[in-house]
1. Could we say that Glu75 is modelled with pLDDT of 95 or more and either assigned to a strand (DSSP E or B) or under 28 Å from Val31 (Cα atoms) (or both) here?
2. What's the total number of residues in region 110-128 that are in contact (Cβ under 8 Å) with a residue 12 or more places away in the chain, aliphatic (A, V, I, L, M) and either part of a helix (DSSP H, G or I) or surrounded by fewer than 12 Cβ atoms within 10 Å (Cβ to Cβ) (or both)?
3. Test Trp137 against the criterion of being under 21 Å from Val38 (Cα atoms) and either among the β-branched types (Val, Ile, Thr) or assigned to a loop (DSSP other than H, G, I, E, B) (or both), and give yes or no.
4. How about region 129-158: which of its residues are over 17 Å from Val103 (Cα atoms) and either under 14 Å from the mean Cα position of the chain (by Cα) or crowded, with 16+ Cβ neighbours inside 10 Å (or both)?
5. If you take the residues in region 45-74 that are more than 23 Å from Lys117 (Cα to Cα) and basic (Lys, Arg), which one is surrounded by the fewest Cβ atoms within 10 Å (Cβ to Cβ)?
6. Quick check on region 122-134. Is at least one of its residues under 22 Å from Asn37 (Cβ atoms) and touching a Phe, Trp or Tyr at 6+ places or on another chain (Cβ under 8 Å)?
7. Residues to consider are Thr84, Thr25; find the one that is more than 30 Å from Ser110 (Cα to Cα) and either modelled with pLDDT of 95 or more or polar (S, T, N, Q) (or both).
8. Evaluate the following for Lys107: is it free of Cβ contacts under 8 Å to residues at least 24 places away in the same chain, surrounded by 14 or more Cβ atoms within 10 Å (Cβ to Cβ) and farther than 30 Å from Pro175 by Cα?
Amino acid sequence: MIFRIALFAALAFTVACGTAKKNDTDPSMKVINFHGNVHKPYCGGARPNPDVAAGYYESMKFEKFNILKGKTFTEGMEIYKEITLDVEGNATFNLPIGNYILVQADKFLSLEEFMKKNAPLEDKNYRVKGTDCYQTWKNTADMYFTVENDTTIEYRQKAKCWVGTNACIEYVGPPAP
């Protein structure tokens with residue numbers, strides 16, 4: 001019994017030391033604190049005060065992104081890491097030193113699925129720009145970044161009134177009162 005306890009303690013100590021040493025000795029792994037939000041503009045209505053007229057920022061809660069290694073985004077690239085933001089639009093993860101591309105996970109769907117997910121509401125107030133627009137949007141990286149040290153990355157998207165961040169639909173309905 002004492003032998004088993006001693007053996008278990010030695011094994012636990014070895015594993016703990018090995019794990020701690022690995023984390024401390026890998027200088028290429030850097031800590032990335034990522035924050036994503038969307039700027040939402042003021043879209044009409046009662047005359048606003050200057051703060052309201054400037055719009056507001058909303059966190060990208062539970063948004064999923066893929067991180068790719070490289071400097072140029074091309075269709076079919078291998079996903080290096082997947083991240084999901086929390087309710088406040090934050091994620092913390094590790095990456096080795098290098099160049100990376102951030103792409104929303106939805107852009108890895110087929111074109112038909114991507115268009116269906118980002119289709120406008122069934123309403124005469126919207127105009128769809130077409131398949132070419134969706135293809136271009138789908139094949140466009142969201143952000144390029146380089147990791148050299150531990151860092152914080154702020155990713156901001158701009159929304160448009162009544163269509164959000166969808167690049168391929170336009171609101172053509174009546175203006176706000």
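The values are calculated or read from the model by the stated rules, or taken from the named source; none is laboratory data. Keep in mind that what you see is a predicted model, and the values were worked out from it rather than measured. Backbone-built Cβ (ideal geometry, glycine too); neighbour counts: all protein chains shown.
1. Judged against the criteria, Glu75 is not a match.
2. Final tally of qualifying residues: 2.
3. On the way: under 21 Å from Val38 (Cα atoms): yes; either among the β-branched types (Val, Ile, Thr) or assigned to a loop (DSSP other than H, G, I, E, B) (or both): no.
When the stated conditions are applied, Trp137 does not pass them.
4. Selection gives Thr152 alone.
5. Filtering region 45-74 for residues that are more than 23 Å from Lys117 (Cα to Cα) and basic (Lys, Arg), the one surrounded by the fewest Cβ atoms within 10 Å (Cβ to Cβ) comes out as Arg47.
6. no
7. Details: Thr84 fails: more than 30 Å from Ser110 (Cα to Cα).
Selected residue: Thr25, the only one of Thr84, Thr25 that is more than 30 Å from Ser110 (Cα to Cα) and either modelled with pLDDT of 95 or more or polar (S, T, N, Q) (or both).
8. For Lys107, the condition - free of Cβ contacts under 8 Å to residues at least 24 places away in the same chain, surrounded by 14 or more Cβ atoms within 10 Å (Cβ to Cβ) and farther than 30 Å from Pro175 by Cα - is not met.
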